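These notes concern the structure reproduced below.
The values are calculated or read from the model by the stated rules, or taken from the named source; none is laboratory data. Every value quoted in this text rests on a predicted model; they were computed, and no experiment measured them. Note that we place each Cβ from the backbone using ideal geometry, even for glycine, and neighbour counts take in every protein chain shown. Please note that ligands, DNA and RNA were not included when accessible areas were found on the heavy atoms of the full protein model with its side chains. Shrake-Rupley method; radii C 1.70, N 1.55, O 1.52, S 1.80 Å.
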Amino acid sequence: MTTCNYCSNESSLIINCTIANNNSEGQGGGIYHSGSSGNLNMRNCIIWGNEAEEGNSSIFSQNHNVTYSCVEDDWPGLGNIDLNPAFQGPDFHLSAGSP
């Protein structure tokens, strides 16, 4: 995939999503949230294998609350893990041994 998720000046809620293998020429290869009037809230998501030429490769956000998610590069937040999700196949199904 070569898409980029971008939010600006809005509060965003993302639940139960997989954001993987994205590329960005700027910041936030997985997801980018800018602006000071909104928050990025993510819960129970997998953010893995994203690349950015500038800044953090998984998430770039000024205001964020990421919890109970699998995030590459050890993202802070309650219940977050930094363990390879063990994708199986090109459609991002999880293998039986996935953490």
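Label positions at residue 41 and residue 18, each projected 7 Å from the Cα along the C-beta direction, are separated by 2.5 nm.
Within a Cβ distance under 15 Å of residue 46, other residues only, what is the Lys/Arg minus Asp/Glu net charge? Don't skip to the answer; put the middle values down first.
On the way: positive: 43; negative: 72, 73, 74, 82, 91.
Overall, the nearby charge balance is -4.
With R₀ fixed at 22 Å, the C-beta to C-beta distance from residue 53 to residue 84 puts the FRET efficiency at about 0.45.
Solvent exposure of residue 93, expressed as accessible area, is near 110 Å², computed with a probe of 1.4 Å over the protein chains only.
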